[in-house]
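Here is the structure we will look at.
The values are calculated or read from the model by the stated rules, or taken from the named source; none is laboratory data. Only a predicted model underlies this, so the values are computations on that prediction, with no experimental measurement involved. All Cβ positions, glycine included, derive from the backbone under ideal geometry; neighbour counts span all protein chains shown. All accessible areas refer to the heavy atoms of the entire protein, side chains included, with ligands and DNA or RNA removed. Shrake-Rupley method; radii C 1.70, N 1.55, O 1.52, S 1.80 Å.
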Amino acid sequence: MRYVFLKHLFVLMLVIASGASLMGVSQNVQRVEREVSRLDRAMESEKERVRILRAEWAYLNDPSRLEALATGGLMMQAPEGEDMVSKPDALPEREDGYDGRDGLLRDASLVIGGAQ
Amino acid sequence: MMWRHARHRAIFIDGEKRAAVCVAQSRLSFIAACFILVYLVIGARLVDLSVVQGNMLRFDLAVEQDQGALNVPKIAQRRGDVYDRNGFLVATTLKTPSLYVDPYLVLDEEALLTDLAGVIPDLDLEKAVRAVTAKNRFGWVHHSITPEQQQRILEIGDPSLGFEYEYKRFYPQSALFTHMLGYTDRDGLGLAGVERSYDDVLSAGNDVHLTMDLRLQHIVRREVSRAMSEFTAKAGAGVVMDAKTGEVLAAVSLPDFDLNDAGDATDMQKFNRLSLGVYELGSMFKIFSTAALLEQERVPMSYTFDARKPIKVGWYTINDYHAQKRILTVPEIFMHSSNIGSALMGQMVGGDNLRAFYKDLGLIDRMDFDIKEVGHILVPKAPWSDSTTMTASYGHGLSTTPVQMCAGVATIVNGGFSVRPTLVKRDQPARFKNDVRVVSEETSASMRKLLRLVVTEGTGRKADAQGYALGGKTGTAEKSVNGKYRRDKLISSFVGAFPIDDPKYVVMVMVDEPNGNKQSYGYATAGWVAAPAVSRIVSGIASVMGMPADQYDPALDISAELLPFVHDKKKKGVKKLASY
């Protein structure tokens, strides 16, 4: 009889334990599902933000706007055909002998002086 | 314990009774176990819901607030984007918040409206006041607010305010692509241009890539609008087309309007002058009649026509605007744009042949184009009588659209292959290249020389762009108003191709009702109005495409070969006014 009682108790414990673990799994599933939907929403909202930024980028790069800024603010003008050369040899030599090969300007003051 | 005690006593119970007690006992204990289990489950669930889940939820919310997720609800299929040929965004759809108010929850109406007016500069105050003071529980305050405005409204923190999300079509370059791109209504239904003709593609969420180039489009728009303001014109149009593939690289119709406010546009602004509007473009047709003559009659350049006297055809007299009053060679007729000479050329080709030739160039039928706004062109009914043929050879009585005109010119100059204008990029870009030959390589080469001659020596000298070999033809036509041609209302246009040795681009500018100014000595003809605009567009294209001006050698100019056939009485080097 004692053996039967122990057997019952054991089964009961097993049932409780499996119930508890099942609950644990379902909790995990719910948590993960929430996480997924949260990430989905975050992604969606991030994508939306990217779209807005792309639209803003396109708006800021509107050629008429850039042209107005370049002519008004930087005193630049559109290049003419004569401003372009097909071969670099056609360029006149610089007074300071710089040939652009080192990739760096030797004297920054020359550049600033040139720009003025 | 009860059951143990009972079992003790059961030893003394025998037979049937004992068995019955045993069954009862085990049933009782089973039920008790069930109850215990149920209560355990309930208890565990209580702990789970209140302690475990509560904590997790609090954590989730904290994370969400931290990331500031917009929590945008999903709404319908998003419309596809439109890009230019280099992948620049020209139309997109954004989810924009719209602000509403629950008047029931408003505490201080005046303070709320002051706050809102501070955040939204273009707030419709009258509408907002109505929404805030209404007796219901919902009212729109403002549609489509920006993310920054939304943030500032959230900072106001008024509980009566709320947001609903809607899709809104946004055109970053506002008016740059107006007529070709088109626009949608508030529900996202395409109403014009590519937005309309590609509505099924776009509304399914697919992107569309145009053949147009944002940079060239800007240059053309700038120069056409400059020509219009310099000559106080009513309207204008400009086209740049790929001479080999027929891809439309730029197409501008002015006046235009901001696509983001399409609802406010007038009919004048909405009218598409590129493919819907049909115009008598006049002398430009001499390109086609001359090509027909060279192609079908195989006459040499030295062949002459008698342009000494105006021709009387029935009740109508064909005159030259700047009459040379002598016998002219083919190049002379073309460069001086002689109507009499062209009429005689047309007569030589014959009505049926000329009409068939125009048909091959796509100038007789309604154009098959990527947008639905295509005008029915006006052509005299076949068969063409002698007088119709003569007038049609210099473009009188024929109306066509600027896009069709460009396609016809592209066909003539690109080596003779038929060109079909396109606006939307295909998988195979050069779809129609080398498909159908309309004129021979020789005729095409001769026509390129003639077109160059117009710019170096003839009516289109103001179209010459320093350093680039442009060839072209002027066209000045009197507008027909109520069936009568008016000398004071002109359509001045110029169509050119460059580099003329092997044309890449066909450029056309058309100005509607220009008025002469001081600089043009009162002239409002194509040579003064449209030619300089084309010249500036050519320089612009060259700088954008990186074409240096030192590639062109005047000594090797292709028009030089035709100079022996030009017998001008005027001294060389003395430039006369470019006119018709």
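Below is a table of values for the structure above.
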| read-out | value |
| --- | --- |
| Test: B:Asp207 is more than 28 Å from B:Asn414 (Cβ to Cβ), within 14 Å of chain A (Cβ to nearest Cβ), surrounded by fewer than 24 Cβ atoms within 10 Å (Cβ to Cβ) and in contact with a Ser or Thr (Cβ under 9 Å, 6 or more places away or on another chain) | no |
| Qualifying residues in segment A:33-69 (those that are more than 7 Å from chain B (Cβ to nearest Cβ) and of a type in the set (S, T, N, Q)) - the one surrounded by the most Cβ atoms within 10 Å (Cβ to Cβ) | A:Asn61 |
| Criterion (open to solvent by 10 Å² or more (accessible area, probe 1.4 Å), free of Cβ contacts under 8 Å to residues at least 24 places away in the same chain and among the hydrophobic types (A, V, I, L, M, F, W, C)) met by exactly one of B:Leu154, B:Leu191, B:Leu161 | B:Leu154 |
| Any hit, segment B:267-275, residues being in contact (Cβ under 8 Å) with a residue 60 or more places away in the chain, open to solvent by less than 20 Å² (accessible area, probe 1.4 Å), farther than 19 Å from B:Leu89 by Cα and basic (Lys, Arg) | yes |
| Residue check, B:Arg298 in contact with a strand residue (DSSP E or B) (Cβ under 8 Å, 6 or more places away or on another chain) and in a loop (DSSP other than H, G, I, E, B) | no |
| Any chance B:Arg298 is farther than 27 Å from B:Arg461 by Cβ, open to solvent by 70 Å² or more (accessible area, probe 1.4 Å) and not aromatic (Phe, Trp, Tyr) | yes |
| Of all residues making up segment A:60-107, the number that are under 23 Å from B:Phe498 (Cβ atoms) and at pLDDT below 90 | 12 |
| Any chance B:Asp553 is under 19 Å from B:Thr456 (Cβ atoms), within 14 Å of chain A (Cβ to nearest Cβ) and open to solvent by 50 Å² or more (accessible area, probe 1.4 Å) | yes |
| Odd one out for B:Ala251 among (1) over 13 Å from B:Leu423 (Cβ atoms); (2) touching a helix residue (DSSP H, G or I) at 6+ places or on another chain (Cβ under 8 Å) | (1) |
| Counted residues, segment B:301-325 - those being touching a residue at least 40 places away in the same chain (Cβ under 8 Å) and not in a strand (DSSP E or B) | 5 |
| Hits in segment B:176-188 (condition: out of contact with any Ser or Thr (no Cβ under 6 Å at 6 or more places or on another chain) and modelled with pLDDT of 90 or more) | B:Leu176, B:Phe177, B:Thr178, B:Met180, B:Leu181, B:Gly182, B:Tyr183, B:Thr184 |
| Residue check, B:Gly282 in contact (Cβ under 8 Å) with a residue 60 or more places away in the chain, open to solvent by less than 20 Å² (accessible area, probe 1.4 Å) and at positive phi | yes |
| Output for segment B:123-142, where each listed residue is touching a residue at least 12 places away in the same chain (Cβ under 8 Å), within 21 Å of B:Asp261 (Cα to Cα) and surrounded by fewer than 16 Cβ atoms within 10 Å (Cβ to Cβ) | B:Asp124, B:Leu125, B:Lys127, B:Trp140 |
| Hits in segment A:70-90 - residues which are within 12 Å of chain B (Cβ to nearest Cβ) and assigned to a loop (DSSP other than H, G, I, E, B) | A:Gln77, A:Ala78, A:Pro79, A:Glu80, A:Met84, A:Val85, A:Ser86, A:Lys87 |
| Residue match in segment B:465-477 (condition: open to solvent by less than 20 Å² (accessible area, probe 1.4 Å) and aromatic (Phe, Trp, Tyr)) | yes |
| Checking B:Phe35 against (1) at pLDDT 65 or above; (2) within 11 Å of chain A (Cβ to nearest Cβ), the condition it does not meet | (2) |
| Test: residue in segment B:192-200 that is of a type in the set (A, V, I, L, M) and within 25 Å of B:Gly375 (Cα to Cα) | yes |
| Filter pass, B:Thr245 being part of a loop (DSSP other than H, G, I, E, B), touching a residue at least 40 places away in the same chain (Cβ under 8 Å) and surrounded by fewer than 19 Cβ atoms within 10 Å (Cβ to Cβ) | no |
| Filter result for B:Val330 (open to solvent by less than 10 Å² (accessible area, probe 1.4 Å), touching a residue at least 60 places away in the same chain (Cβ under 8 Å) and either over 25 Å from B:Asn272 (Cα atoms) or in contact with an Asp or Glu (Cβ under 9 Å, 6 or more places away or on another chain) (or both)) | yes |
| B:Arg78 vs. criteria modelled with pLDDT under 90, under 53 Å from the mean Cα position of the chain (by Cα), open to solvent by 30 Å² or more (accessible area, probe 1.4 Å) and within 12 Å of another protein chain (Cβ to nearest Cβ) | yes |
| Unique residue being open to solvent by less than 40 Å² (accessible area, probe 1.4 Å) and more than 32 Å from the chain's Cα centre (by Cα) when the list is B:Gly351, B:Gly375 | B:Gly351 |
| Residue within segment B:405-423 that is assigned by TED's automatic domain parsing to the domain that holds B:Glu373, over 28 Å from the mean Cα position of the chain (by Cα) and open to solvent by 20 Å² or more (accessible area, probe 1.4 Å) present | no |
| Of all residues in segment B:210-242 being more than 25 Å from B:Gly546 (Cα to Cα) and assigned to a helix (DSSP H, G or I), the one that is least open to solvent (accessible area, probe 1.4 Å) | B:Met228 |
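Matching residues to (1) closer than 19 Å to B:Val409 by Cα; (2) surrounded by fewer than 24 Cβ atoms within 10 Å (Cβ to Cβ); (3) within 14 Å of another protein chain (Cβ to nearest Cβ):
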position: B:Glu457; (1), (2), (3): no, yes, no
position: B:Ser480; (1), (2), (3): no, yes, no
position: B:Val506; (1), (2), (3): yes, no, no
position: B:Val509; (1), (2), (3): yes, no, no
position: B:Glu513; (1), (2), (3): no, yes, no
position: B:Ala533; (1), (2), (3): yes, no, no
position: B:Val544; (1), (2), (3): no, yes, yes
position: B:Pro548; (1), (2), (3): no, yes, yes
